[in-house]
Each structure stands twice: as structure tokens, then as C-alpha cells.
Amino acid sequence: MLIVIGGALALTFYVLVAERQLIGQRAGRVLIFLALVAVPTAAAALGAGYNLKRSTETHFCLSCHEMQPYGKSLLIDDNEPLPAVHYQKRLVDRNAACYTCHRDYALFGDLTTKLNGLRHVWVHFTRGAPTPIKLYQPYSNANCLHCHAGARGYETSKHHETSDAHLTDMTSGKLSCLTKGCHGVTHSIADLKDADFWKHPAAVVQ
Amino acid sequence: MISAAADDRSVRAAALLVAAGLLVELPSVVATTPVTFLVFVGAGIPLMAAGCVLFAVHLWRSLVQKGVL
């Protein structure tokens, strides 16, 4: 990607330097068009794709210091906190752990997620992140069900069909998966001080 | 009629805008962080788009002047 943007930049600088000679020739004018429209447009499109891909990575999210405790919580040595279980058991791609669980899976969800991310950066620089950080909206069951819906373990679990809990309520979002007593233990930021951590070289967050 | 000097100025201005946009985009491909991403989206792409549009307008006016359009 560096070569693409660097190459486009070199071509643009060439046009800046040799513009007078180029403009007098037909081939030169074509080169100017390529340098100022076609190549930069292609470079920007490729760059945007590259940036969007990179922005889904766990490292990207954890590069903000506000997110570091949340990254650390993925390594809590305990079977209860949901993010830690998903991360350590590789139920999510470790390189996209944050994005997998916190993205919007609806139509144009990628765009909504990225716009929210830009909003985070804006808030960081203008007001500072609130303490504690809160989601803009309650965590949606749809994110859990994106992977778990239809899974045997989810549909046949005796805990998912009791007098208090019904699969239909979970599917409709009436009953949150994160209800206390169900899967209510999430990032456990408050308990990080006293927690034990999984030490594994493959862990992205250390 | 568009003078050669005006021709020069337009192409130069467009090239400078495109170059500025590409320069701003460069750090985001070296190390993608939320800040470089924001700069890419908020400054790199608009600067480049402004350069492209400026050049396109210049091109269109030149073609109209020459009676091609």
C-alpha cells in the first residue's frame, strides 16, 4: 500500500516539476490526467479499503489508551467473563476481537460502526472519553445471535428454555443475553486489579 | 480564452492539492491508528478530491474553449 500511495505521490510531484513541458504534448496531457485524476482516485480507493480493513483489528482499537483495560480484560484467567472466554477459546478471530462483537451487523452496519468510531476519536479530542465508557446503545442480542443463532449448543442449552428464559425472547431482544445471572459478566474492568491473567505468546493483547 | 499562465496555475494548484492529500494519507498506510484514520478520511480524501475536481473543471473549461464540447 505504501508503494501505491508513494508511487502516486511521485507521479504528482513529477507533474508539478515538469508540468510546462508536459502540457505542450498530447502524451504529456494524458500523463497529467493520469497523475491528477486516475491514479490518485485509485490510490485513495485502495487506501480507504486498506484503512477500513486495518481499523477492524484488535491492535487498532487498543491503540487508544482508553481501550487498554478492555484489551487486558480479554486475558482474565476466568471462565465467566464473556469477552475473555470468547478471546481465549478463539470463539472470535483474535485479530478482530473487538470488531467482531461490537460491530453493527445490519445493512450499512460497517459504515455505522466506522462513523461511531470516528465519533469516539472526536469525543476523545474534544471532551475526553467519559469514565466509565458506555455503549451508545444497550448491547444488542443480534450481535450474539449473528454467530450463535442456529448453533446446536445455543438452541439445545437447558438454560435457554426455562420458565424465565425462552429462545423467542432472546431472538426478539426482549431478554438480553447479558442479563445478570445469564451472561452478565463482561469486561469486568473494576476487577482487573485483582485478576489473574492468561499468559500466552499468541495473545494479541499483552 | 484561457491563457497559458492560467492553464499553468490551475494544473499546479490541482497537483499541489492532490500531492497534499497523498502526503496526508501516507502515514495512515505506515501505521493505522484512529488518528491517522481520521486524518485519512477527514483531510486526505477531501484534499485529493478538491485537486481532482479543480483539474476536471480546468479540463472541461479548456475543452469548451476549444469547441470540443
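The values are calculated or read from the model by the stated rules, or taken from the named source; none is laboratory data. Computed from a predicted structure; not experimentally measured. Methodologically, a virtual Cβ is constructed for each residue, glycine included, from the backbone with ideal geometry; neighbour enumeration extends over all protein chains shown.
Checked across the range A:175-195, the condition of being farther than 28 Å from A:MET67 by Cβ, modelled with pLDDT of 90 or more and in a loop (DSSP other than H, G, I, E, B) holds for at least one residue.
So which residues in the range B:22-49 are more than 7 Å from chain A (Cβ to nearest Cβ) and either of a type outside the set (A, V, I, L, M) or more than 17 Å from A:GLY47 (Cα to Cα) (or both), if there are any at all? Passing the criteria: B:PRO27, B:THR36, B:GLY42, B:GLY44, B:PRO46.
Name the residue that is nearest to A:ASN116 (Cα to Cα), counting only residues in the range A:40-55 that are surrounded by fewer than 22 Cβ atoms within 10 Å (Cβ to Cβ) and either more than 10 Å from every other protein chain (Cβ to nearest Cβ) or aliphatic (A, V, I, L, M) (or both). Looking at residues that are surrounded by fewer than 22 Cβ atoms within 10 Å (Cβ to Cβ) and either more than 10 Å from every other protein chain (Cβ to nearest Cβ) or aliphatic (A, V, I, L, M) (or both), I get A:LEU52. Looking across the range A:129-149, the residues that are modelled with pLDDT of 90 or more and among the small types (Gly, Ala, Ser) come down to A:SER140, A:ALA142, A:ALA149.
Applying a threshold of 8 Å to beta carbon distances and a minimum spacing of six or more residues, or different chains, the list of pairs starting in the range A:1-18 at a residue that is under 15 Å from A:TYR50 (Cα atoms) and ending at one that is among the aromatic types (Phe, Trp, Tyr) reads A:MET1/A:TYR50.
Number of residues in the range A:5-36 that are crowded, with 16+ Cβ neighbours inside 10 Å and closer than 22 Å to B:PHE37 by Cα: the value is 3.
When the residues of the range A:9-33 are filtered to those that are more than 11 Å from chain B (Cβ to nearest Cβ) and part of a helix (DSSP H, G or I), which remaining residue is nearest to the chain's Cα centre (by Cα)? Steps first, answer last, please.
Residues of the range A:9-33 that are more than 11 Å from chain B (Cβ to nearest Cβ), as a first pass: A:21, A:25-27, A:30-31.
Imposing the further condition that a residue be part of a helix (DSSP H, G or I) reduces the set to A:21, A:26-27, A:30-31.
Working: A:GLN21: 48, A:ARG26: 47, A:ALA27: 45, A:VAL30: 40, A:LEU31: 39 Å.
My answer is A:LEU31.
Looking only at the range A:114-134, decide whether some residue is surrounded by 12 or more Cβ atoms within 10 Å (Cβ to Cβ) and among the hydroxyl-bearing types (Ser, Thr, Tyr). The answer is no; no qualifying residue exists.
Table: residues versus (1) of a type in the set (S, T, N, Q); (2) without any contact (Cβ under 8 Å) to a residue 40 or more places away in the chain.
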| site | (1), (2) |
| --- | --- |
| A:PRO83 | no, no |
| A:TYR99 | no, no |
| A:ASP104 | no, yes |
| A:LEU107 | no, yes |
| A:ASP110 | no, no |
| A:LEU115 | no, yes |
| A:THR131 | yes, yes |
| A:ASN141 | yes, yes |
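Selection of the range B:17-38 for residues being surrounded by fewer than 17 Cβ atoms within 10 Å (Cβ to Cβ) and under 20 Å from A:GLU66 (Cβ atoms) yields B:ALA31, B:VAL35.
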